[in-house]
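Chemist: Sending over a structure as structure tokens; questions will come in a sec.
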Amino acid sequence: MHEENKAAANGCSKIRRGAQNGAALLALMEKTGYSMVQQNGQRKFGGPPPGWEGPPPPRGCEVFVGKIPRDMYEDELVPVFERAGKIYELRLMMEFSGKFIGVCVSLDNCRLFIGAIPKDKKKEEILNEMKKVTEGVVDVIVYPNATDKTKNRGFAFVEYESHRAAAMARRRLIPGTFQPWGHTIQVDWADPEKVVDEETMQRVKVLYVRNLMISTTEDKIKAEFNKFKPGVVERVKKLRDYAFVHFFHREDAVAAMSVMNGKCIDGASIEVTLAKPVNKESSWKQHFNGQISPSSENLLGFPNKEDGTQKSLGKPASLSIRLNGQHSPGPPEVERSTYPIFPGIKLTPISMYSLKLSHFSSAVMHLDYFCHKNSWAPPEYCLYSTTSQDGKVLLVYKVLISSIADDSQTYFMPEKLCTTVEDAKELAAQFTLLHL
């Protein structure tokens, strides 16, 4: 009986709190004149606010706020955020409880990655299928297979008119209820496009050429791009089915882009754009979805701001003991559990480059992934050895990183020797990632 009375009291308390919150929200709307609508699991305050004229704020004006306590609502949040400036719209979803909030610039990502697509589907088919079940679809980006241009690579990127439209589409597609062409697809946020300032882009004289045939040679590409104006191409660097074409002068690069985009080389219709330069000092921190928190900086091997020491890069503690001679507390280990393969489980081919950072525990794999995402050549490892005073063979790797877009090469080599090849390579990859 005592428990029933306690439950009844808790229920009454919740009702009182709900009534108080409702009154507070009504008072907020009367005071500000903003409207409030609840839909699709989120409550929208404003958007636009009273008296707003013109289009919504451009991309880059939104911030994401996480870890908001569940018992905190717009009547408390709005006054806090208004200190920074006029609010256009606030969308509230409760995710965390009893923690401090975190604020960062919102990525405003409008693009989703769709994997496990049948390779025989064309762009138009994928576009129509996405439009059937999601709203706000602007475009679908499909990459042809490197060896068979009649097929796609098993994935596509879907561009939406807004971040909100993309978020709603992701929520709609993730549960697995949508199976186009009888296939279970993979859905996640795509890596945001790298943004390069206009001043830097105005100096670019390198073209990025995509959708080439594997058999097409650098000499053939150079000859084709020299046709519209002989002698303008300085050099060409090709990797698999894409290449970078370097010009002596920017005006020739811009003219060639206009002329050559959509042209056929060896039977493949190529796509040509200006190459985006890579900011090496910031590219590693900005790489994985553009979000690096203090804890993940330690995981990735960035120096600790307080003590200047380098943290482990997700490698087992035994490696840090061997390399540093002492144990240092590191980040939590990446989960490496194994799971049984039951009869009937469907396995889908997947590229490692479509995975996320959390799937990697090796710095060597991180570095390979990072170079691929930045359209650099794969890292080159050169092994060197020496002999210690007690006769042990000690090893160290030198790593060469080549940025094809701006034709630069950089060497990285740690200042420590290892007794095994595996540890030497892992340490060299860690050191390289730290200094990129």
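Chemist: Mind running the shape call on the stretch 198-274? Use the C-alpha gyration tensor, a ≥ b ≥ c as the square roots of the eigenvalues: rounded below 1.5 for a/c, prolate if a/b tops b/c, oblate otherwise.
Modeler: It is prolate, given that a/c is not under 1.5 and a/b is the larger ratio.
Chemist: DSSP loop chymotrypsin sites (Phe, Trp or Tyr not before Pro) in the stretch 23-62 with at most 16 other Cβ atoms within 10 Å of their Cβ, which ones? Before the final figure, lay out each step's value.
Modeler: On the way: sites: Y34, F45, W52; in loops: Y34, W52.
Passing sites in the stretch 23-62 are W52.
Chemist: R0 = 45 Å: FRET efficiency of E218 with Q389, Cβ-based, nearest 0.05? Can you show the working numbers first?
Modeler: Values: r = 49 Å, r/R0 = 1.09.
That pair, E218 with Q389, gives E of 0.40.
Chemist: Extension gain E415-T150, at 0.36 nm per residue separation less the Cα-Cα distance, in nm?
Modeler: 90.5 nm
Chemist: Here is a follow-up. By how many nm would the segment from R240 to F113 lengthen if fully extended, with 0.36 nm per residue of separation less the alpha-carbon distance?
Modeler: That pair, R240 and F113, stretches by 43.5 nm at full extension.
Chemist: Let me ask something else. Using packing as a proxy for protection, rank 390-396, 236-242 so that the peptide with the highest average count of other Cβ atoms within 10 Å comes first.
Modeler: Final packing ranking: 236-242, 390-396.
Chemist: State, as an integer percentage, the relative contact order of the stretch 111-189 based on alpha-carbon contacts under 8 Å between residues 6 or more apart. Walk me through the numbers before you get to the answer.
Modeler: Numbers: 132 pairs, mean separation 33.7, N = 79.
Answer for the stretch 111-189 is 43 percent.
Chemist: Considering only protein heavy atoms and a probe of 1.4 Å, how much of the accessible area of the stretch 22-93 is carbon and sulfur, as a whole percent? Numbers along the way, then the final one.
Modeler: Values: 2490 of 4600 Å².
Carbon and sulfur atoms account for 54 percent of the accessible area of the stretch 22-93.
Chemist: I need the peptides 83-92, 266-275 ranked by packing, meaning the mean over residues of other C-beta atoms within 10 angstrom, with the highest value on top.
Modeler: 266-275, 83-92
Chemist: Tell me whether the stretch 356-435 comes out rounded, prolate or oblate; compute the Cα gyration tensor, take square roots of the eigenvalues as a ≥ b ≥ c, and use a/c under 1.5 as the rounded threshold.
Modeler: Oblate, because a/c is 1.5 or more while a/b does not exceed b/c.
Chemist: What is the distance, in nm, between label points placed 7 Å from the Cα along the Cα-to-Cβ direction at V196 and at E124?
Modeler: For V196 paired with E124, the spin-label model returns 3.4 nm.
Chemist: V65 to R91: extension gain in nm, 0.36 nm per residue of separation minus the Cα-Cα distance?
Modeler: Length gained, V65 through R91: 8.4 nm.
Chemist: How far apart, in nanometres, would the label points at H372 and R171 be if each is projected 7 angstrom from Cα along the Cα-to-Cβ direction?
Modeler: 3.2
Chemist: Turning to a different aspect of this structure: Describe numerically, in nm with one decimal, the distance between label points set 7 Å from Cα along Cα→Cβ at K227 and at L347.
Modeler: Between K227 and L347, the label points sit 4.5 nm apart.
Chemist: Return the whole-Å distance between the Cα centroid of the stretch 375-436 and the Cα centroid of the stretch 242-263.
Modeler: Distance between centres, Cα-based: 35 Å.
The values are calculated or read from the model by the stated rules, or taken from the named source; none is laboratory data. Quantities reported herein were computed from a predicted structural model and do not represent experimental measurements. Cβ: placed from backbone, ideal geometry, glycine included. Neighbour counts: every protein chain shown. Each accessible area value is taken on the protein alone, full model and side chains, heavy atoms only, with ligands, DNA and RNA left out. Shrake-Rupley method; radii C 1.70, N 1.55, O 1.52, S 1.80 Å.
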